[in-house]
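Here the structure comes first, spelled out in structure tokens, and everything after it is commentary.
The values are calculated or read from the model by the stated rules, or taken from the named source; none is laboratory data. A quick note: this is a predicted structure, and the numbers were derived from the prediction, not measured. All Cβ positions, even for glycine, are placed from backbone atoms using ideal geometry, and neighbour counts span all protein chains on display.
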Amino acid sequence: MLKAVIFDFDGVIQNFPELVWRERKVFLKNHKAQLEKSDLEILLGLALSEQVTYINKKFKLSLTEDDFKKHRESIADIIEKELKILEGIKGLIQTLKKKKIKMAIASNKPKAAIERDLKKFKLYSKFDLILGKEDVAKPKPDPEMFFIAAKKLKVSPEECIMIEDAIHGIKGAKKAGMKTIGLCSSFHSSFKEADLCIQSIKELSWKKLSSL
């Protein structure tokens with residue numbers, strides 16, 4: 001029986017990934033690094049430290065986390081102007097509230113950034129739990145975050161559905177014993193590991209969720 005729905009944040013609640021990776025591809029191109037779709041499929045959802053390690057190894061660079069953070073700061077105004085919640089999110093949250101389903105955010109993003117953006121979109125009070133990268137010793141794809149989420153929500157992992165836009169999160173949630181929904185995007189056209197693949201949050205009716 002479904003008792004909780006856990007959301008990834010970037011790419012599920014808001015459109016941050018498409019904005020930041022659009023700008024980051026330009027930044028990396030200036031360092032002679034050309035990201036392909038296959039790279040983005042791997043990078044999406046990883047902690048920043050792991051992204052930097054992957055990029056440096058593949059392109060023989062020596063960039064640091066600070067380099068990426070400085071670039072992120074330089075495009076802050078662009079991101080702020082174009083950042084928006086994904087279509088269908090507010091309706092889904094309303095449906096889950098009516099059904100008394102617990103809701104949580106589980107993301108590799110810093111918790112303060114998650115809370116800031118949720119407050120911006122007036123969604124902060126809708127969630128029973130918010131987990132960021134500081135709340136775990138091992139980020140996704142490790143299942144630790146999902147076990148912690150279930151424990152804090154006082155439900156079993158088998159009573160949870162995780163909505164993700166990255167393969168790392170789907171793998172972690174599956175390891176924890178949760179049902180998973182993969183939200184496809186320009187980064188991922190499908191998720192064979194997920195229990196259900198969707199093209200838009202608007203597809204998620206109560207009937208579809210409760211039948212998983």
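Go through the stretch 140-155 residue by residue and tally those that are among the basic types (Lys, Arg), under 16 Å from residue 8 (Cβ atoms) and at pLDDT 95 or above.
0
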What residue, among those in the stretch 1-49 that are charged (D, E, K, R), in contact (Cβ under 8 Å) with a residue 24 or more places away in the chain and under 25 Å from residue 115 (Cα atoms), is surrounded by the most Cβ atoms within 10 Å (Cβ to Cβ)? 8
Given the structure, is residue 82 closer than 23 Å to residue 184 by Cα and either free of Cβ contacts under 8 Å to residues at least 40 places away in the same chain or surrounded by fewer than 15 Cβ atoms within 10 Å (Cβ to Cβ) (or both)? yes
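Take residue 55 and tell me if it is under 30 Å from residue 155 (Cβ atoms) and at pLDDT 95 or above.
Details: under 30 Å from residue 155 (Cβ atoms): no; at pLDDT 95 or above: yes.
So residue 55 fails the test.
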Is at least one residue of the stretch 88-104 in contact (Cβ under 8 Å) with a residue 12 or more places away in the chain, closer than 23 Å to residue 148 by Cβ, charged (D, E, K, R) and touching a strand residue (DSSP E or B) at 6+ places or on another chain (Cβ under 7 Å)? yes
Restricting the stretch 156-187 to residues that are closer than 23 Å to residue 200 by Cα and of a type in the set (Ser, Thr, Tyr), the one modelled with the lowest pLDDT turns out to be 186
Determine whether residue 78 is β-branched (Val, Ile, Thr), outside any loop (DSSP other than H, G, I, E, B) and either touching a Ser or Thr at 6+ places or on another chain (Cβ under 9 Å) or closer than 30 Å to residue 205 by Cα (or both). no
Given (1) over 26 Å from residue 164 (Cβ atoms); (2) assigned by TED's automatic domain parsing to the domain that holds residue 206; (3) small (Gly, Ala, Ser), identify the lone condition not met by residue 62. (2)
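I need a count of the residues in the stretch 8-53 that are farther than 21 Å from residue 130 by Cα and not in a loop (DSSP other than H, G, I, E, B). Give the derivation first.
In the first step, residues of the stretch 8-53 are kept if they are farther than 21 Å from residue 130 by Cα; the result is 18-43, 49-53.
Going one step further and asking which of them are not in a loop (DSSP other than H, G, I, E, B), we end up with 18-29, 37-43, 49-53.
Counting residues in the stretch 8-53 that are farther than 21 Å from residue 130 by Cα and not in a loop (DSSP other than H, G, I, E, B) gives 24.
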